[in-house]
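Novice: Questions regarding the structure given below will be posed in turn.
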Amino acid sequence: MTISKENKGLSRRSVLRGAAAAVGAAAGSGVITGFPTIWAQNIKNVTLRQFGTGVSNLNDVATKVKEDLGFTLEMTALDSDSVTQRAATQPKSFDIADIEYWICKKVWPTGNLQAMDTSKIKYFDQISPIFTTGKLTPESVVAQGTAPSTVGFVDGADGTKFADEVTRWMTLIPTIYNADTLGIRPDLIGRPIESWAELLNPEFKGKASILDISSIGIMDMAMVCEAMGAIQYGDKGNMTREEIDKTIGIFTEAKKAGQFRAFWKSFDESVNLMASGEVVIQSMWSPAITAVKSKGIPCVYQPLKEGYRSWGGGLGLSKNLSGIELDAAYEYINWYLSGWVGGYLMRQGYYSAVPETSKEFMSENEWGYWYEGKPATAEIVSPTGDVLGKAGDVRDGGSYDERMGKVACWNAVMDENQYMVRKWNEFIAA
Amino acid sequence: MSVIPTSASGAKAPDLPLAASARYRLVRKARDGERASWLLSSPLVLVLGIFLVLPILMIVVVSFWGATEFSIYPAFEFDNYQFLFGSAVTYQVFFKTFVFAAITWVFTLAIGFTVAYFLAFHVRSLTWQIALFLLCTIPFWTSNIIRMISWVPFLGRNGIANSALLQMGLIDQPLEWLLFSDFAVVLAFVHLYTLFMVVPIFNTMMRIDKSLVEAARDAGASGLQILTNVIIPLAKPGIMIGSIFVVTLVMGDFITVRFMSGSQSANVGRLISNDIALLQYPSAAATAVVLLAMVLIMIAIMLRFVDIRKEL
């Protein structure tokens, strides 16, 4: 925590803010406890600093927090590499980390985050079982990769080891998650697409694309190689060097044969490639599909028989939080799960950790379309006012259970990560 | 510095007071001059020292550091260089960078020289010369990246180029290699950097005494002989300055290669930017140091052919 001294004496407000920061600093450092009690009683002076990737760092959430809870939430959006670095190296620069589960696997051992007491979390029992037991239904199998359930709990308040089963101590409170698959242009392909293997089908020579972000790209590659029957993986989320070599080898060959039109790195690039017809099949993210559709161009987030590659993020608490600020953080988390945010996210096509509470904040039509996979009875509009679907449309992939029940693999960080990155660079340069 | 011993010998010769004082005055003047020139150059020295030399030294230092997945730590190890020189990809990528630089150089030189020649020797009035020269610079009023990206809709599968060719009946299938290919990369480079060739060559050509050309013609030289024996040798410094611009710009670029090749090609700049994205700063620094050394060597070789200082 930094106290900016320049603020002193500038105005009453800045002095107050400085004082609040000072309280936070004192409380955070744990050196002086209960010293300025006058402010400590007043949660309104608390400022929580949250950082994370752009997806869930929404200003609307900060505004609503101020309205509902009274304290200030400062949001910083960064790319996932910087998020990882900050969580690992600058624990004093944030109070709440909004990170993905695979980042949690990397960062938790540094001890910069503190476990959350689930007894203080009101809606804990209603959190989707994907995040607790890892099984959506009792018959499901825990997917490969860094499944949230495998890094979701630790063995004690100060635990550094991930627990295999549900304990009282949770690492991240899940916030936002989704299941990713391939995006296609049905009008230009003209036949059903059912398998990940189609990405390397010579039929789409020069019209395919994959994303140039190594940690996610390698997973999409693995889904393709497995679907082709070329490689059997022990765990796609944690490959051996041999598996990495083979996977990259298959794709390098395809690249040299001219299979790919381009690789994309940013969201906009993927939208442009698809909308211009340069590419007809590629790895894609859900909002990109929406963006293509909103231009009046047909685009489908194609469910595939091998299943989805899924990702999820959650909120983690900095180890420096204590006292009034920690209380505020718990209050924030309980509010987060109470439905308003969930409804907001679900109306964008993501999922919320406690779907039931979101229902109250969505219309019957919206709930039916986004969660139950029913045909829309009226226009589907995003929270920001864009029309995402018209009456009669059905969500690609169907209901929550159908989509999240078919997750084959979660975004992950491998033990051989650095080796993989080098191999990825070779693939790009090949 | 050579004035100091003189002053010492002057001090040792008290029997020649007049000569000594005159010499003393001279020495003082020289010393003042020296001090003034030091003072005059110090702002530039400071600016270059702080903003150029220091950062480069920092990069060199960091290139010997070590890195974990999240952090870098001071060390003196050769791991980064070892990995760099041990990987076949490095050689491929450096080779590709040189190829891009060479092809771009050839095209920008040919186009740049022609444009400059036209402006300097065919356009007779100074007003028109200036007007046409300014016309060349108009594209530079927009950003580099915008000029580059505007090629994308032009060259695409359903872009203007392909639809025009299809309509003219020259092709019956859209040309795939127009966009997201090495062709597109070189095209963008040539488009972006030709002006850097035009300006210095035009500048030196304007200084060529027209009577030299007339003299050559009177002596019976053909147009080609005038070009090769008079104009090219006299325009050499401009050609060399333009070449240094183009080569260094192409060698250090990464964004053009990324966009125009659709991320399918790599050059050294992209290696560095990938490393930075993955927080591997020491390895990025090592690559940067090697690239810097390469570029400096190339420029040193180029300067061997022309002594810019003498000819300017």
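The values are calculated or read from the model by the stated rules, or taken from the named source; none is laboratory data. Nothing here was measured: the structure is a model prediction, and the numbers come from that model. Glycine gets a Cβ as well: all are built from the backbone with ideal geometry, and neighbour counts include every protein chain shown. Accessible surface areas use protein heavy atoms only, side chains included; no ligands, DNA or RNA. Shrake-Rupley method; radii C 1.70, N 1.55, O 1.52, S 1.80 Å.
Novice: Find the relative contact order for the stretch A:30-177 and round it to a whole percent, using C-alpha pairs within less than 8 Å whose residues are 6+ positions apart.
Specialist: On the way: 208 pairs, mean separation 28.5, N = 148.
Relative CO of the stretch A:30-177 lands at 19 percent.
Novice: List the relative contact order of the stretch B:79-181 as a percent without decimals, with contacts defined as Cα pairs under 8 Å and 6+ residues apart.
Specialist: Values: 34 pairs, mean separation 12.3, N = 103.
Computed value for the stretch B:79-181: 12 percent relative contact order.
Novice: For the protein assembly as shown, which semi-axes, largest first and in whole Å, follow from the square roots of 5 times the eigenvalues of its Cα gyration tensor? Could you put the intermediate results ahead of the total?
Specialist: Values: eigenvalues 642, 306, 119 Å².
The three semi-axes for the protein assembly as shown are 57, 39, 24 Å.
Novice: Still on this structure, I have one more. Would you mind giving the mean number of other chain beta-carbons within 10 Å of the Cβ of each residue in A:411-423, as a whole number? It would help to have the intermediate numbers written out before the result.
Specialist: Working: counts 0, 0, 1, 0, 0, 0, 2, 5, 0, 0, 6, 6, 1.
Mean shielding by partner chains, rounded to a whole number: 2.
Novice: Just to be sure I understand the model, the point goes 7 Å from the Cα along the line to the Cβ. What's the resulting B:K210 to A:E67 distance in nm?
Specialist: Here the answer is 7.5 nm between the modelled labels.
Novice: Can you show me the helix-derived [θ] at 222 nm for chain B, built from DSSP H runs with n ≥ 4 at -39,500 (n - 2.57) apiece and divided by the number of residues, rounded to the nearest 500. Present the calculation step by step, with values, prior to reporting the outcome.
Specialist: Numbers: 17 runs with 224 residues, N = 312.
Mean residue ellipticity, 222 nm, calculated: -23000 deg cm²/dmol.
Novice: Let me ask you something else. Accessible area, 1.4 Å probe, largest first: how do A:K44, A:K293 sort?
Specialist: Highest to lowest solvent-accessible surface, that is A:K44, A:K293.
Novice: Here's another thing I want to ask about it. Give me a single rounded figure for A:84-90: the average over its residues of other chain Cβ atoms within 10 Å of their Cβ.
Specialist: Values: counts 3, 4, 1, 1, 5, 5, 1.
For this peptide, the per-residue mean of nearby foreign Cβ atoms is 3.
Novice: If you don't mind, another one. Report ³J(HN,Hα) in whole Hz for each residue of the stretch A:394-399, in order, from the Karplus equation J = 6.51 cos²θ - 1.76 cosθ + 1.60 where θ = phi - 60°; Gly and Pro get x.
Specialist: 10, 5, 4, x, x, 7
Novice: While we're looking at this one, here's another question. Hey, what's the per residue convex hull volume over the C-alpha atoms of chain A, in cubic angstrom? Walk me through the numbers before you get to the answer.
Specialist: Values: hull volume 65.5 nm³, N = 430.
Spread over its residues, the Cα hull of chain A gives 152 Å³ apiece.
Novice: Turning to a different aspect of this structure: Past 20 Å, Cα to Cα: identify those pairs from A:K305/A:K423; A:K207/A:K265; A:K207/A:K423; A:K205/A:K256; A:K246/B:K96; A:K205/A:K255, in the order given. Write down the numbers at each step before the final one.
Specialist: On the way: A:K305/A:K423 28 Å; A:K207/A:K265 17 Å; A:K207/A:K423 24 Å; A:K205/A:K256 11 Å; A:K246/B:K96 25 Å; A:K205/A:K255 10 Å.
Going by Cα-Cα distance, A:K305/A:K423; A:K207/A:K423; A:K246/B:K96 fall outside the 20 Å limit.
Novice: Amide H to amide H, which residues 5 or more places from A:S310 or on other chains are under 5 Å from it, using H placed in the peptide plane?
Specialist: Here the answer is A:D180, A:A408, A:C409, A:W410, A:N411, since their amide H atoms fall under 5 Å of that of A:S310.
Novice: Taking each residue in B:260-269, count the Cβ atoms of any other chain within 10 Å of its Cβ, then average. What number comes out? Intermediate results must be reported in sequence, preceding the final value.
Specialist: Values: counts 1, 3, 11, 11, 11, 3, 6, 1, 0, 0.
So the per-residue partner count for this stretch is 5.
Novice: So, R0 is 56 Å and r is the distance between the beta-carbons of B:M168 and B:D32; what FRET efficiency does that work out to, to 0.05? Don't jump to the answer; show the numbers that get you there.
Specialist: Details: r = 74 Å, r/R0 = 1.32.
In this case the efficiency is close to 0.15.
Novice: Using amide H atoms built in the peptide plane, which far-off residues or other-chain residues are under 5 Å from A:F260 H to H?
Specialist: A:G206
Novice: Next question. ³J(HN,Hα) across the stretch A:150-158 via Karplus (A = 6.51, B = -1.76, C = 1.60, θ = phi - 60°), whole Hz, x for Gly/Pro?
Specialist: Karplus values, whole Hz, x for Gly and Pro: 7, 10, x, 9, 10, 7, x, 4, 9.
Novice: Another question about this same structure. Hey, with R₀ at 35 Å, roughly what FRET efficiency would A:N59 and A:K390 work out to, going by the Cβ-Cβ distance, to 0.05? Show your work: numbers first, answer last.
Specialist: Values: r = 28 Å, r/R0 = 0.81.
Plugging the Cβ-Cβ distance into 1/(1 + (r/R0)^6) gives 0.80.
Novice: Another question, then. Out of residues 5 or more away from A:R49 or on other chains, whose amide H comes under 5 Å of its own, with H placed 1.01 Å from N in the peptide plane?
Specialist: For A:R49, whose amide H was placed from the backbone, the distant partners under 5 Å are A:E74, A:D95, A:I96.
Novice: Here is a further query. Excluding A:E243 itself, what net charge comes from residues whose Cβ is under 13 Å from its Cβ, given Lys and Arg +1 and Asp and Glu -1?
Specialist: Working: positive: A:K236, A:R241, A:K246, A:K423; negative: A:E226, A:D235, A:E242, A:D245, A:D415, A:E416.
For residues surrounding A:E243, the net value is -2.
Novice: What ranking of A:C409, B:C136 comes out by heavy-atom accessible area, probe 1.4 Å, highest first?
Specialist: Working: A:C409 0, B:C136 45 Å².
Listed by decreasing accessible area, they come as B:C136, A:C409.
Novice: Which ³J(HN,Hα) values, rounded to whole Hz and listed in residue order, are derived for the stretch A:289-302 from phi using the Karplus coefficients 6.51, -1.76 and 1.60 in 6.51 cos²θ - 1.76 cosθ + 1.60 with θ = phi - 60°, glycine and proline given as x?
Specialist: 4, 4, 5, 5, 4, 5, 8, x, 9, x, 7, 10, 8, 6
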